[in-house]
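The values are calculated or read from the model by the stated rules, or taken from the named source; none is laboratory data. Only a predicted model underlies this, so the values are computations on that prediction, with no experimental measurement involved. Here Cβ is always computed from backbone atoms with ideal geometry, including for glycine, and neighbour counts include all displayed protein chains. In case anyone asks, the SASA skips ligands and DNA or RNA and just uses the protein heavy atoms, side chains included. Shrake-Rupley method; radii C 1.70, N 1.55, O 1.52, S 1.80 Å.
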Amino acid sequence: MNVLWIALLPMLGTLLPLLMAKRSRTACALVTALAPMLALAILLSHTQSVFAGQIWQFQADWIPLLGLNVHFRLDGLAYLFALLILAIGLLVILYARYYLSEQDSMPRFYAYLMLFMTAMLGIVLSGNILQIWLFWELTSISSFLLISFWWHKSEARRGARMALTITGAGGLCLLAAFILLGNIVGSYELSVVLEQTDLIQNHAYYPVLLVLFLLGCFTKSAQFPFHFWLPNAMAAPTPVSAYLHSATMVKAGIFLLARFYPALSGTDMWFLLVSLTGLATLLVGAYLALFKHDLKGLLAYSTISHLGLITLLFGLNSPLAAVAGVFHIINHATFKASLFMAAGIIDHESGCRDMRRLNGLWQFMPITATLMMVAAAAMAGVPLLNGFLSKEMFFAETLEQHLLGALSWIIPLLATVAAIFSVAYSLRLIHDVFFNGQPKGLTKTPHEPPRYMRLPVEILVALCLVVGIAPAWVVGGLLQAAATAVLAGPTPEYSLAIWHGFNLPLLMSAVALTAGVFMYVKRKQLFDFQNALPGVDTLNIFERSIKQLCHQAAQCYDWLDNGSLQRYMALLLTAFVVLAGLPLIQMETLSGGRAEIPVDAVNATGAAMLLISAFATVVWHRKRVVALLMISVVGLMVSIAFTRFSAPDLALTQLSVEVVTVILLMLALFFLPHKTPKQSEPSKVVRDLGLASLVGIIVGSLSYAIMTRPFSTISDFFIANAKTGGGGTNVVNVILVDFRGFDTLGEIAVLGIAALGIFKLLTRIPVFKPSSDGEGRPWARERHPLLLATVAQSILPLALMVSVFIFFRGHNLPGGGFIAGLITAVAIILLYISQGVDWVKARMNIEYQRVVAVGLMIALLTGLASWAFERPFLTSWFDYFELPLFGQIELASAIAFDLGVYITVVGATLLILSSLGKMTTSHRPIHREQI
Amino acid sequence: METLFALCIGFLTSCGVFLMLRGRTFPVVMGLTMLSYAVNLFIFSSGRLNLKGAVVLGTSDSYADPLPQALVLTAIVIGFAMTAFLVILAIRARADLGNDHVDGSMPEPRHAKKERQK
């Protein structure tokens, strides 16, 4: 549980500074420091046990099905990093209190900082690899917010965007790597993953996995060739640079290298990728650092170079090198954070970061100068300082390896070259800034910073010294615990002494120091050489390539999404053909072997009529009225097919829907052109014909394959229970109103919604009034033929009676609410057609949208009523009663539900047709004399 | 009979799809109607064909599958609602936009487009 609090406290602490917005800046800083202080205290209380090798854990289920658990674990490596994060974090909080000006929003800064601290702690303490990734992404986001803290500056925004893009892309690679890892191992638990070294390294996907994993680590840790985001991130306030870009976040990638060292390292591929990348980064960073005139720019490249050094150590596949790597993590964090803070002090107190103008500051700030000199000496690897120790170990390790065969001597040589540059740029940092003449053109007179602004630097520099002088005593236990965790086993023999006698590493150090000084003295020639090289503006190149990428994406998008619906449809259908066609190709035979029903003359005639009328619809589709007539024949044949194949309910429904549809489409043709102009290019027609044929072939084959296969159905249950459970013998109707009543409720709701949508679409429609039909003939003056009016009026009561009959018999014989509703609607529509809207309105003024609502309410209430009897929603009830004259009758609650269906169908159908029909007549009001 | 039935379904689908790929709204509506015939028949046929088995209890020895029938019955009604919605949308679009092309505007002829790009 305690382990959880280490991460949880800073998370809660994110809110604290925001609450202190109105208070003084000191109070704000103090309150912010509370949570990390508590967390640090908890962490320190575990020191003994962690050093003894114990692993503290906290575990809880989160999404167990995905293998995602909340899992925090504290081992030696996590302890080391948590210590760095919390301790340096506290120093940064103190430092930032003095660094930020009155205009900067301190609560916002501290909230971002705490968010970042939470994310970092989350990474190092996670015991689940997906959880690691989650916090990994959070560091990218919080780092983005911190870099762009001064968002009014263009370079801050651009730098933040660049950092987010690079580390975000790396984060995606890392996620892919973790998912692969989880699939290979079968678990996302870190402890399980770390134990499966052989399984992972012998897996076919290991190379892919490793490359993705390293992409994630290298982008975060600014390794060559992804290093360029780090110098651009220096637009951030200096506390951020000190914290994120030297001590913690850029080490997250290295942390992962260390964390997964037991599982992934040891292969040739690991060596080649990790150590060569590290070596390249080490050299490039060290070389470029020397030529940076910006104080923070120099430190940024030096950080890149040191990160490369650590990466190189982890790539050497030697346990001792890994120990050296861990040791250098500690040392680099201390001296680099102090250097950044000191650089921030100089910037803050002199208003300038350019080393060409900053000269001779020794006279203004001797204490800061002394501190910075010690830290820079540690960076250069001067004896008696911590940097010297890990650099010696590094030299020793480069000499030990034989990984490049006969060319292995190149690695120590290049390491020495990098060390020479390292000495030179450290010397430049000190000499240029504090000596080398007088300051030029400073806006203010430099002076020592406030007492407490310098305190963090003092603490860190003191650590550099203490570790450098008595390493085993100060960091021995910590290093041992962390190294044990990295190696997942016993650590090799190593000695943290300052003096190892006269040996090759010492010689390398001496060469580096001497040659470094020499190089600095002779720097003029080197600078001239460098200045002659063409400059590379990474920010512009990056932004140009991003712009290029966006442009290409837009082009791709435009090609795919050109606004033509026909094209989308064609693409969609092509996808269908591919997806449904491929499995059919793989199938051996289409026929399933079930005996076919012999074709008789009636069926053959029906099928022929269906095919001919469908074909005629397509052929004459430009003459819309003709096509409409043809398609109604298709509908008629379909309903006859339903009758033929034992589905009387379907036949009745299809028939009545057919009538309504044809009337609707006829009405629609009043508002639409009567002819379709010929416009499609021949090639397009050919494409469409091909596509349509393919889709038809696939659907037909599928249907044939289904029909010729024997099958078992769940319908036996419905047939067995329709009478006993639902009280009806028409199983289809019982399914609709009883077994699957909830579906039906949903469907009539859709019907109602569609009708209301149509009603709304037709209100306030701009008037479009054709004065003649498609042939150019004016509309007939006689609009309501006498014969039709008389017939319609006399049919109405008959039709209503039929629909009542159909409704009531529905439960036991073909019929039911849907069909009865459609018949009623057709009868009333006939009245509309024969007499006109105004005539009907005068006699039957009903708002159909209310009818729909009433129908839906009845159906819903029937369902709810079963709650009153403590039954589930829509439980049906029925019983038989003896009535005089009528004999035995059945009463079922399902009939009330069916009534709801009936009313909804009537309402919806009439709402649709009358709203449309109204428009054809309302603008051509009937003249009095015509009545 | 199954072969013939499948042929009809396939042909109706083809006709429906071809019409749905047209550029004007009315043929598309007709295509959709045609396609829904095909789909309804398809779902119906998944219960296998049965000449004398109307699912009214006590009228037959072997019944057809009532479940696809129930599904298709509601599908017919909903299909009508959707067709209606679509056709009204087409009317509204024509009234608002002045043409009945599915994209809401007449596509540029290819040669005109090329000239404009030059």
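Confirm whether residue A:354 is in contact with a strand residue (DSSP E or B) (Cβ under 9 Å, 6 or more places away or on another chain) and either surrounded by fewer than 24 Cβ atoms within 10 Å (Cβ to Cβ) or within 21 Å of residue A:410 (Cβ to Cβ) (or both).
Values: in contact with a strand residue (DSSP E or B) (Cβ under 9 Å, 6 or more places away or on another chain): yes; either surrounded by fewer than 24 Cβ atoms within 10 Å (Cβ to Cβ) or within 21 Å of residue A:410 (Cβ to Cβ) (or both): yes.
Yes.
Conditions tested, residue by residue: (1) in contact with a Leu (Cβ under 9 Å, 6 or more places away or on another chain); (2) buried (at least 24 other Cβ atoms within 10 Å of the Cβ).
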residue: A:384; (1), (2): yes, no
residue: A:398; (1), (2): yes, yes
residue: A:402; (1), (2): no, no
residue: A:409; (1), (2): yes, no
residue: A:412; (1), (2): yes, no
residue: A:416; (1), (2): no, no
residue: A:425; (1), (2): yes, yes
residue: A:428; (1), (2): yes, no
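Checking residue A:286 against (1) open to solvent by less than 10 Å² (accessible area, probe 1.4 Å); (2) within 24 Å of residue A:100 (Cα to Cα), only one condition comes out false. Which one?
Of everything listed in (1) open to solvent by less than 10 Å² (accessible area, probe 1.4 Å); (2) within 24 Å of residue A:100 (Cα to Cα), residue A:286 misses just condition (2).
Listed here are the residues, each with its yes/no results for (1) open to solvent by 80 Å² or more (accessible area, probe 1.4 Å); (2) of a type in the set (A, V, I, L, M, F, W, C).
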| position | (1), (2) |
| --- | --- |
| A:500 | yes, no |
| A:512 | no, yes |
| A:530 | no, no |
| A:559 | yes, yes |
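Does the stretch A:100-129 hold any residues that are under 25 Å from the mean Cα position of the chain (by Cα) and assigned to a loop (DSSP other than H, G, I, E, B), and which are they?
Residues of the stretch A:100-129 that are under 25 Å from the mean Cα position of the chain (by Cα), as a first pass: A:111-129.
Matches in the stretch A:100-129: A:127 only.
In the stretch A:557-605, which residues are at the interface with another protein chain (Cβ under 9 Å from one of its Cβ atoms) and either more than 24 Å from residue A:642 (Cα to Cα) or in a helix (DSSP H, G or I) (or both)?
If the condition is that a residue be at the interface with another protein chain (Cβ under 9 Å from one of its Cβ atoms) and either more than 24 Å from residue A:642 (Cα to Cα) or in a helix (DSSP H, G or I) (or both), then A:563, A:564, A:565, A:566, A:569, A:570, A:573, A:603, A:604 are the ones that fit.
Looking only at residues in the stretch A:881-905 that are of a type in the set (A, V, I, L, M, F, W, C) and open to solvent by less than 20 Å² (accessible area, probe 1.4 Å), which one is modelled with the lowest pLDDT?
A:892
Spot the failing condition for residue A:697; the list is (1) β-branched (Val, Ile, Thr); (2) surrounded by fewer than 16 Cβ atoms within 10 Å (Cβ to Cβ); (3) facing another protein chain (nearest Cβ under 9 Å), and only one is missed.
Evaluating residue A:697 over (1) β-branched (Val, Ile, Thr); (2) surrounded by fewer than 16 Cβ atoms within 10 Å (Cβ to Cβ); (3) facing another protein chain (nearest Cβ under 9 Å) leaves (2) as the failure.
Residue pairs, Cβ under 7 Å, 6 or more apart or interchain, first in the stretch A:265-290 and under 12 Å from residue A:304 (Cα atoms) and free of Cβ contacts under 8 Å to residues at least 24 places away in the same chain, second open to solvent by less than 50 Å² (accessible area, probe 1.4 Å) and among the hydrophobic types (A, V, I, L, M, F, W, C). List them.
The qualifying pairs do not exist here.
Limited to the stretch B:45-61, what total is found for residues that are more than 7 Å from every other protein chain (Cβ to nearest Cβ) and of a type in the set (S, T, N, Q)?
So the answer is 2.
Is it true that residue A:781 is modelled with pLDDT under 85 and either among the hydrophobic types (A, V, I, L, M, F, W, C) or within 24 Å of residue B:87 (Cβ to Cβ) (or both)? If you could, list the steps in order and put the result at the bottom.
Numbers: modelled with pLDDT under 85: yes; either among the hydrophobic types (A, V, I, L, M, F, W, C) or within 24 Å of residue B:87 (Cβ to Cβ) (or both): no.
Spelling it out, it is not the case that residue A:781 is modelled with pLDDT under 85 and either among the hydrophobic types (A, V, I, L, M, F, W, C) or within 24 Å of residue B:87 (Cβ to Cβ) (or both).
Restricting attention to the stretch A:59-78, which residues are among the charged types (D, E, K, R) and part of a strand (DSSP E or B)?
A:61, A:73
Restricted to the stretch A:671-690, and to residues that are open to solvent by less than 40 Å² (accessible area, probe 1.4 Å) and at the interface with chain B (Cβ under 7 Å from one of its Cβ atoms), which residue is farthest from residue A:571 (Cα to Cα)?
My answer is A:671.
At least 3 residues that are over 28 Å from the mean Cα position of the chain (by Cα) and surrounded by 24 or more Cβ atoms within 10 Å (Cβ to Cβ) in each: list the helices (runs of 4 or more DSSP H) lying fully within the stretch A:177-279 that qualify.
On the way: elements: A:190-195, A:197-201, A:206-220, A:229-232, A:238-242, A:249-259, A:261-264.
Once the helices (runs of 4 or more DSSP H) in the stretch A:177-279 are filtered for at least 3 residues that are over 28 Å from the mean Cα position of the chain (by Cα) and surrounded by 24 or more Cβ atoms within 10 Å (Cβ to Cβ), what remains is A:238-242.
Suppose the filter is of a type outside the set (D, E, K, R) and either away from chain B (no Cβ under 14 Å) or more than 38 Å from the chain's Cα centre (by Cα) (or both); does residue A:540 pass it? Let's see the steps before the verdict.
Numbers: of a type outside the set (D, E, K, R): yes; either away from chain B (no Cβ under 14 Å) or more than 38 Å from the chain's Cα centre (by Cα) (or both): yes.
When the stated conditions are applied, residue A:540 passes them.
When you scan the stretch B:19-44, how many residues do you find that are touching a Gly at 6+ places or on another chain (Cβ under 6 Å), open to solvent by 10 Å² or more (accessible area, probe 1.4 Å), more than 7 Å from chain A (Cβ to nearest Cβ) and of a type outside the set (S, T, N, Q)?
The number of residues fulfilling the criteria is 1.
Are there any helices (runs of 4 or more DSSP H) wholly within the stretch A:689-771 with 3 or more residues that are closer than 28 Å to residue B:32 by Cβ, and if so which?
Output list reads A:741-762.
For the stretch A:35-94, give me the residue count where each residue is closer than 25 Å to residue A:484 by Cα and open to solvent by 50 Å² or more (accessible area, probe 1.4 Å).
12
Step by step: first the residues of the stretch A:455-477, then only those that are within 18 Å of residue A:93 (Cα to Cα) and not hydrophobic (A, V, I, L, M, F, W, C), then the one that is surrounded by the most Cβ atoms within 10 Å (Cβ to Cβ). Which residue is that? Break it down into steps so the answer makes sense when it comes.
Applying the first criterion (within 18 Å of residue A:93 (Cα to Cα)) to the stretch A:455-477 yields A:455-461.
Checking which are not hydrophobic (A, V, I, L, M, F, W, C) leaves us with A:456, A:458.
Values: A:456: 24, A:458: 17.
The extreme case among them is A:456.
Test of understanding: among A:639, A:613, A:632, A:646, which residue is open to solvent by less than 20 Å² (accessible area, probe 1.4 Å), closer than 23 Å to residue A:676 by Cβ and not acidic (Asp, Glu)? Walk me through how you get there before you give the answer.
Numbers: A:639 fails: closer than 23 Å to residue A:676 by Cβ; A:632 fails: open to solvent by less than 20 Å² (accessible area, probe 1.4 Å); A:646 fails: closer than 23 Å to residue A:676 by Cβ.
Residue meeting the stated conditions: A:613.
Of the numbered conditions (1) out of contact with any Lys or Arg (no Cβ under 8 Å at 6 or more places or on another chain); (2) closer than 30 Å to residue A:685 by Cα; (3) open to solvent by less than 70 Å² (accessible area, probe 1.4 Å); (4) of a type outside the set (Ser, Thr, Tyr), residue A:571 fails exactly one; give the number of that condition.
The failed condition is (3).
Going by what's in this entry, would residue B:108 be described as in a helix (DSSP H, G or I), more than 20 Å from residue A:754 (Cα to Cα) and acidic (Asp, Glu)? I'd like the intermediate steps shown before the answer.
On the way: in a helix (DSSP H, G or I): no; more than 20 Å from residue A:754 (Cα to Cα): yes; acidic (Asp, Glu): yes.
No, not satisfied.
List the residue pairs whose Cβ atoms are under 6 Å apart, where the first residue sits in the stretch A:615-633 and is without any contact (Cβ under 8 Å) to a residue 24 or more places away in the chain and at the interface with chain B (Cβ under 10 Å from one of its Cβ atoms), the second is buried (at least 19 other Cβ atoms within 10 Å of the Cβ) and in a loop (DSSP other than H, G, I, E, B), and the two are 6 or more positions apart or on different chains.
Taking only residues 6 or more apart or on different chains, the pairs are A:627/A:621.
So residue B:102 fits all but one of (1) more than 30 Å from residue A:648 (Cβ to Cβ); (2) at the interface with chain A (Cβ under 7 Å from one of its Cβ atoms); (3) touching a Pro at 6+ places or on another chain (Cβ under 9 Å); what number is the exception?
(3)
Would you call residue B:14 closer than 17 Å to residue A:693 by Cα and either open to solvent by less than 40 Å² (accessible area, probe 1.4 Å) or within 7 Å of chain A (Cβ to nearest Cβ) (or both)? Outline the logic, then answer.
Values: closer than 17 Å to residue A:693 by Cα: yes; either open to solvent by less than 40 Å² (accessible area, probe 1.4 Å) or within 7 Å of chain A (Cβ to nearest Cβ) (or both): yes.
So residue B:14 fits the description; yes.
Considering B:75, B:64, B:95, B:84, which residue is more than 7 Å from chain A (Cβ to nearest Cβ) and either of a type in the set (A, V, I, L, M) or in contact (Cβ under 8 Å) with a residue 60 or more places away in the chain (or both)? Lay out the reasoning, then the answer.
Details: B:64 fails: more than 7 Å from chain A (Cβ to nearest Cβ); B:95 fails: more than 7 Å from chain A (Cβ to nearest Cβ); B:84 fails: more than 7 Å from chain A (Cβ to nearest Cβ).
Being more than 7 Å from chain A (Cβ to nearest Cβ) and either of a type in the set (A, V, I, L, M) or in contact (Cβ under 8 Å) with a residue 60 or more places away in the chain (or both) holds for just one of B:75, B:64, B:95, B:84, which is B:75.
Of all residues being hydroxyl-bearing (Ser, Thr, Tyr) and not in a helix (DSSP H, G or I) in the stretch A:404-457, which is nearest to the chain's Cα centre (by Cα)? Just the residue, please. Steps first, answer last, please.
Of the residues in the stretch A:404-457, the ones hydroxyl-bearing (Ser, Thr, Tyr) are A:408, A:416, A:422, A:425-426, A:443, A:445, A:452.
Right, trim to not in a helix (DSSP H, G or I) and you get A:408, A:443, A:445.
Values: A:408: 45, A:443: 48, A:445: 51 Å.
This residue is A:408.
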